[in-house]
Amino acid sequence: MNLEKILKNDERIWDEDILDYPQLFELARTYDKELLENLFNNKDSKEKFFIQVGDSHVFKYNEFRFYLEENQVNNSFTQYANKIGLASQGEHLSDSTDYVLDWPYKDCVLEGGMSSEEDMDTFIEKKVETTPGKIDKKTGTVISPEKTEVTFSQAKRKREEIFYNNIIADKEIDRLLDKKALKNFTRYTAKGEEKVKEIKRDEDGTIKENLLIKGNNLLALHSLKEQFTGKVKLIYIDPPYNTGGDGFAYNDRFNHSTWLTFMKNRLEISSELLRKDGVIFISCDDNEQAYLKVLMDQVFGRDNFISNFVVTSAPAGTQSSTNVAQQHAYCLAYRKSKSFESFRHKLSKEEINKKYRDGTDEYGPYLLERLWKRGIGGRKEDVPSLHFPVYFNPNNDEILLEEEVENKNNLIKIIPYQTEGVLGRWTWSKTKMIDEREKLLVKETSGEYKLYRKKYADEEIGRLPYSIINSDIGRTELGSLELKNLMGDKVFDYPKYSALIKYFLKTGSSKDDIVLDFFSGSATTAHAVIDLNKEDSGNRKFILIEQMNYIEDVGKPRIKKVLEELNVDDNFIYFELAEYNEEAKSKIDACKSYKELKKLFTELTEYYFLNYNVSVKQFNDQLLDDKDFQELPLEEQKTLFKALLDNNQLYIPHKEQEDGKYNLSKEDQELTNEFYG
Ligand SMILES: C[S@@+](CC[C@H](N)C(=O)[O-])C[C@H]1O[C@@H](n2cnc3c(N)ncnc32)[C@H](O)[C@@H]1O
């Protein structure tokens, strides 16, 4: 059986001609449909890896895995090769991909849709208070009867996140992640706002607009999936660090498992949006860095790790810490695949002046680079063809090769030495020396003549980005100062500094790329994109997602301000994932009896998987049919119903947007259709 042949068309498991075993194991482990079909459609592999049970066939995962383990040698299959190594359940530990980060609820989807800043959930509490009756002991007559008072009230508790299990709740998950209707489309320029008349696309049909999207990022990312899969060049995110009660204005209190599930869900979908040569940067700190690194290894692949940038965020150190004065945070970077190459950063004018200062001629300032090789590989016998003499005429500074010299009198012969007394070799060939003769220069130091090349400032290719990011762009306060200066007031806690994000944009994006940030906060990423576009005449586009209402008072106005202050002729489209809450509330208002109210609520519950919300489920199970509740005045019932809706972001599925009950405007429907292409 030739497994390579059977699987040859599955691009996902080939890295050029090399079979990507971890990927193949992973596909088999997750019973990937395409893989199983390929195996099933071949007679030999069907016989080997499937067992027939009644009319069905069952994939024998362990046998498939064992077969791979047994036959894998130097990345080719031979029937006879065996390996010795630690094994577990028939699997060699050295090859196992099973060293994975595991945590409770890993196989779940976490909507993580906090709509209130306090992250609190409303529930309805029924209280029954009984006051014992009084009886006259002497006469045995009842003075006052036993009294029972029933009250219903809204109460708050910390939101219990709902983990939708991948298997148990697959229908709910499908529905949760279905693309959503979009509404309130508005185009903003530095000058003001206007209606969105069209959504611009490039010649390949890719949407080329700056987008600011309000809504839960998991659902928004899934809504973007169809249009942006494989289109995004760079993702920058700054998720909640999971610091545990540090007074952040946004939700930052995920516990560890929850945080990991929350991140895994979002990283997986966002990795699909990245281009093959794309890259993702994630700000974090020691609270989760180590776990995030392992999670990223799993989602993006260990080989795709680029760097764990150290960001000097508090150069003076935080003396309020317990053991160590923390001075840094991190930014983890992973590429989508080997196709990514980080860009070199241009040097500033001052850096260029400092570097190119050995001289200036008609081609500009230059530095001198020696032309003889030092160190390893620098001896004559290492490359004999590069050991030859060069002749220098000190009267006219001419530099000639042996073949060009007629009379060696008065010429100085220069030969390369690796080190003193050890014959060496040049780094340039004779032809290169002839072709680029104007760059050659001989310098005399203490009677010794040496050959150099002039390297001109305009040959500067920049430098690779440093992994330690200095406080001049990393310092946390700079972000706050920048935002305060721009907006005239403190409007957001701990925004990043746009120059820091620019550093990452310079490392991983070029002029026409799409940049995504799905933890937008104060929209610093948009600021950085606009700024860098201005600097290098680029046309990068940003896509930003933020769920909180402060998108209105912080994100949106900030981007407008930046366009205005930088005098940039660009614009962005704002829209929201269309919520159903408001409509649902007016429907509640319209109910004329408890019967109608109950019917509507049951409908909402079934329709919008509200029943997965702990409070709503409890309400459904315990209160909806409660006699006492039914006896409450209608208005009170309505208030309690609405309170429950408050903390559930119900989004309208795109495929149902035309349904009159949602009240979605024709214009929004049309733009949503246009957006989804
Ligand atoms: C650390 S802040 C980002 C700050 C940002 N880098 C800046 O410079 O302003 C994280 C942001 O992600 C948002 N966020 C958290 N969970 C989210 C979710 N599930 N959907 C959308 N946004 C979310 C928070 O509301 C918060 O504004």
- Which of the helices (runs of 4 or more DSSP H) contained wholly in the range 415-508 include at least 3 residues that are within 16 Å of the ligand (Cβ to nearest atom) and over 29 Å from LYS231 (Cα atoms)? 476-487
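Suppose the filter is among the hydrophobic types (A, V, I, L, M, F, W, C), more than 12 Å from the ligand (Cβ to nearest atom) and at pLDDT 90 or above; does LEU273 pass it?
Values: among the hydrophobic types (A, V, I, L, M, F, W, C): yes; more than 12 Å from the ligand (Cβ to nearest atom): yes; at pLDDT 90 or above: yes.
Against the criterion (among the hydrophobic types (A, V, I, L, M, F, W, C), more than 12 Å from the ligand (Cβ to nearest atom) and at pLDDT 90 or above), LEU273 qualifies.
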- Message: Checking ILE237 against (1) within 17 Å of TYR574 (Cβ to Cβ); (2) within 16 Å of the ligand (Cβ to nearest atom); (3) among the aliphatic types (A, V, I, L, M): exactly one of these is not met. Which one?
- Response: (1)
- Does VAL310 satisfy the condition of being at pLDDT 95 or above and surrounded by fewer than 23 Cβ atoms within 10 Å (Cβ to Cβ)? yes
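Going by what's in this entry, would ILE551 be described as buried (at least 24 other Cβ atoms within 10 Å of the Cβ), under 30 Å from ALA155 (Cβ atoms) and either within 16 Å of the ligand (Cβ to nearest atom) or not assigned by TED's automatic domain parsing to the domain that holds LYS225 (or both)? Break it down into steps so the answer makes sense when it comes.
Numbers: buried (at least 24 other Cβ atoms within 10 Å of the Cβ): yes; under 30 Å from ALA155 (Cβ atoms): yes; either within 16 Å of the ligand (Cβ to nearest atom) or not assigned by TED's automatic domain parsing to the domain that holds LYS225 (or both): yes.
The answer is yes for ILE551.
Out of GLY660, GLY677, which single residue is without any contact (Cβ under 8 Å) to a residue 40 or more places away in the chain and either not hydrophobic (A, V, I, L, M, F, W, C) or not assigned by TED's automatic domain parsing to the domain that holds LEU600 (or both)? Walk me through how you get there before you give the answer.
Values: GLY677 fails: without any contact (Cβ under 8 Å) to a residue 40 or more places away in the chain.
Answer to the selection: GLY660.
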- If you go through the range 24-57, how many residues are surrounded by 13 or more Cβ atoms within 10 Å (Cβ to Cβ), assigned to a helix (DSSP H, G or I) and either without any contact (Cβ under 8 Å) to a residue 24 or more places away in the chain or in the same structural domain as GLY301 (by TED's automatic domain parsing) (or both)? 5
- Message: If ASN242 satisfies all but one of (1) crowded, with 20+ Cβ neighbours inside 10 Å; (2) within 15 Å of the ligand (Cβ to nearest atom); (3) modelled with pLDDT of 90 or more, what's the number of the condition it fails?
- Response: (3)
- Query: Name the residues in the range 2-20 that are in contact (Cβ under 8 Å) with a residue 40 or more places away in the chain and within 29 Å of the chain's Cα centre (by Cα), would you?
  - Reply: ASP15, ILE18, LEU19
- Item | Matching residues in the range 664-677 - criterion: being exposed (fewer than 15 other Cβ atoms within 10 Å of the Cβ) and either basic (Lys, Arg) or more than 29 Å from the chain's Cα centre (by Cα) (or both) | SER665, LYS666, GLU667, GLU670
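Only one of these is within 16 Å of the ligand (Cβ to nearest atom) and assigned by TED's automatic domain parsing to the domain that holds LEU563: ILE167, ILE199, ILE173. Name it. Talk me through it step by step, then tell me what you get.
Working: ILE167 fails: within 16 Å of the ligand (Cβ to nearest atom); ILE199 fails: within 16 Å of the ligand (Cβ to nearest atom).
Result: ILE173 is the single residue among ILE167, ILE199, ILE173 that is within 16 Å of the ligand (Cβ to nearest atom) and assigned by TED's automatic domain parsing to the domain that holds LEU563.
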- Query: Residues in the range 468-482: is at least one crowded, with 19+ Cβ neighbours inside 10 Å, farther than 30 Å from VAL311 by Cα, touching a residue at least 60 places away in the same chain (Cβ under 8 Å) and out of contact with any Cys (no Cβ under 6 Å at 6 or more places or on another chain)?
  - Reply: no
- Selection count, the range 360-410, where residues are modelled with pLDDT under 95, more than 51 Å from the chain's Cα centre (by Cα) and assigned to a loop (DSSP other than H, G, I, E, B): 10
- Scan the range 584-593 and give yes if some residue there is β-branched (Val, Ile, Thr), assigned to a helix (DSSP H, G or I) and within 13 Å of the ligand (Cβ to nearest atom), otherwise no. no
- Hits in the range 618-632 (condition: surrounded by fewer than 12 Cβ atoms within 10 Å (Cβ to Cβ) and over 14 Å from THR605 (Cα atoms)): ASP625, LYS627, GLU631
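Could you tell me whether any residue of the range 323-341 is among the polar types (S, T, N, Q), within 16 Å of the ligand (Cβ to nearest atom) and more than 17 Å from the chain's Cα centre (by Cα)?
Scanning the range 323-341, I find no residue that is among the polar types (S, T, N, Q), within 16 Å of the ligand (Cβ to nearest atom) and more than 17 Å from the chain's Cα centre (by Cα), so the answer is no.
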- Number of positions in the range 165-190 that are free of Cβ contacts under 8 Å to residues at least 12 places away in the same chain and either more than 22 Å from HIS222 (Cβ to Cβ) or within 25 Å of the chain's Cα centre (by Cα) (or both): 2
- Counting just the residues of the range 522-539 that are in a loop (DSSP other than H, G, I, E, B) and buried (at least 24 other Cβ atoms within 10 Å of the Cβ), which one comes out nearest to the ligand (Cβ to nearest atom)? SER522
- For HIS256, work out the one condition from (1) at pLDDT 90 or above; (2) more than 15 Å from the ligand (Cβ to nearest atom) it doesn't fulfil. (1)
- Task: Of the numbered conditions (1) touching a residue at least 60 places away in the same chain (Cβ under 8 Å); (2) closer than 25 Å to LEU464 by Cα; (3) not charged (D, E, K, R), ILE282 fails exactly one; give the number of that condition.
- Result: (1)
- Please find, among PHE542, PHE519, the residue that is within 7 Å of the ligand (Cβ to nearest atom), within 18 Å of SER223 (Cα to Cα) and not in a helix (DSSP H, G or I). PHE519
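The values are calculated or read from the model by the stated rules, or taken from the named source; none is laboratory data. No experiment lies behind these values; they were computed from the predicted model shown. With ideal geometry, Cβ positions are generated from the backbone for all residues, glycine too; neighbour counts draw on all protein chains shown.
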